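First up is the structure itself, then whatever we jot down about it.
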């Protein structure tokens, strides 16, 4: 089972990398970019076939390691 | 004072930490490996040294914060033991839950390596009795992620309960402004746990213990510990 975990900075948390990318896009002349926030994507292959169990396990993974919930939010997406 | 220095894959200041401890206490610290699950019996102080544990993968200190030895370090702290985390060690303490908050990327995205003055916020803890309250000490910093951030309530609690250990200042002791190298909230350079026994700090006192390499203002911290 393919899963994707997306970790993003909470709103209000300063994201200097996103700001730098925003500036670079502007200097490249890419039109219409209002703001950029950088995050992380984890593509995870789950062995278990049970979607609910996989979702619970991935939530645990996020709470224990993948996200620092002081400054980050996470989202779990499971294909199918 | 019996000390242990923990080495993680990618630590690089463990030798400097050991040298500072040896100089202050006259005893060689025990070297502990990240995969160990217990600390040697009778250890008073655990040092988490600087470096780039696990290559800073995922987030600085994130994987080290969950290394096997950290359960023993948490138990040591819960027993009232001393834990000093310097630079990456501070990041590890935050990631392990031993200290609140998080060290974010420096405000201007640059790795900052320079001499740095710190104001000693209180001189009545085990780490600071050899300093004076308000004293500006000169040590050094070398980090890319030293911008301390925490929930507003957490910052208020740290400030209200006197848990800020050091602030970035200039040579005259004036806090903030250009003296803040990384955008850290309230110019925080180091914080204590509630019982004042766990200290996390971005600057490197262990590198300023010898006049040959720029100064000795870092000695006081280790001498304070040795006398604790």
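Please treat every number below as a calculation from the coordinates, not as lab data. Source: prediction; values computed, not measured. Methodologically, a virtual Cβ is constructed for each residue, glycine included, from the backbone with ideal geometry; neighbour enumeration extends over all protein chains shown.
When the alpha-carbon atoms of segment B:1-99 are used, the pair Rg, Dmax equals 12.1, 38 angstrom. Could you work out [θ]222 nm for the protein assembly as shown from helices alone, using -39500 (n - 2.57) per DSSP H run of at least four and dividing by all its residues? Round to the nearest 500 deg cm²/dmol. My calculation for the protein assembly as shown gives -7000 deg cm²/dmol from helical runs alone.
Using a ≥ b ≥ c from the Cα gyration tensor of segment B:15-166 (square roots of the eigenvalues), is it rounded, prolate or oblate, where a/c under 1.5 gives rounded and otherwise the larger of a/b and b/c decides, a/b for prolate?
Note, shape of segment B:15-166 comes out rounded.
Overall, the ratio between the Cα radius of gyration of segment A:2-78 and 2.2 N^0.38 Å, rounded to two decimals, is 1.36. For the residues of A:65-71, the average number of beta carbons from a partner chain within 10 Å of their own beta carbon is 6.
Taking 7 Å steps out from each Cα toward its Cβ at residue A:35 and residue A:6 produces label points 1.7 nm apart.
Legend: ranking of residues B:11, A:35, B:193 from fewest to most surrounding C-beta atoms inside 10 Å; resulting order A:35, B:193, B:11.
Comparing the protein assembly as shown with the 2.2 N^0.38 Å rule of thumb, its C-alpha radius of gyration ratio is 1.05 (two decimals). Cβ crowding within 10 Å, taken as a proxy for footprinting-reagent exposure, orders A:41, B:30, B:6, A:71 from fewest neighbours to most as A:41, B:30, A:71, B:6. Relative to the longest principal axis of the Cα atoms of chain A, helix A:16-27 runs at roughly 50 degrees. Zone of residue B:38 (label point 7 Å along Cα→Cβ, backbone N under 13 Å): which residues in segment B:67-104? Under 13 Å, as judged by backbone N against the label point of residue B:38, lie B:72 of segment B:67-104.
Between segment B:33-68 and segment B:143-180, what is the separation of their alpha carbon centroids in Å? Each part's Cα centre sits 24 Å from the other's.
Relative to one another, the C-alpha centroids of segment B:198-217 and segment B:72-97 are positioned 19 Å apart. Among B:140, B:113, B:94, the largest mean-square fluctuation in a Gaussian network model of chain B (Cα springs under 10 Å) belongs to B:113. What does the C-alpha gyration tensor say about the overall shape of segment B:80-228? Classify as rounded when a/c is under 1.5, otherwise prolate if a/b is larger than b/c, or oblate. The shape class here is rounded.
For segment B:40-150, what is the percent of antiparallel DSSP beta bridges, rounded to the nearest 5? Approximately 75 percent, going by the DSSP bridge assignments.
Comparing A:58, A:25, A:66, which has the greatest mean-square fluctuation in the GNM of chain A with Cα pairs linked when under 10 Å apart? Taking springs between Cα atoms under 10 Å, the residue moving most is A:25.
Here the spin labels are modelled as points 7 Å beyond Cα on the Cα-Cβ line, and at residue B:154 and residue B:186 they lie 1.3 nm apart. Note on residue A:63/residue B:71: beta-carbon distance plugged into 1/(1 + (r/R0)^6) with R0 of 25 Å gives a FRET efficiency of 0.90. Helix A:51-61 versus the longest principal axis of chain A: what angle, 0 to 90°, nearest 10, using Cα atoms? The answer is roughly 60 degrees.
Please report the antiparallel percentage of the DSSP beta bridges confined to chain B, to the nearest 5. Counting DSSP beta bridges with both partners in chain B, the antiparallel share is about 60 percent.
Per-residue mean of foreign Cβ neighbours for A:11-24 is 2 (Cβ atoms of other chains, 10 Å radius).
Comparing B:65, B:97, B:160 in a Gaussian network model of chain B (Cα springs below 10 Å), the most mobile by mean-square fluctuation is B:160.
Compute the label zone of residue B:194 within segment B:95-115: residues whose backbone N is under 16 Å from the point 7 Å along Cα-to-Cβ. Flagged as within label range: B:97-101.
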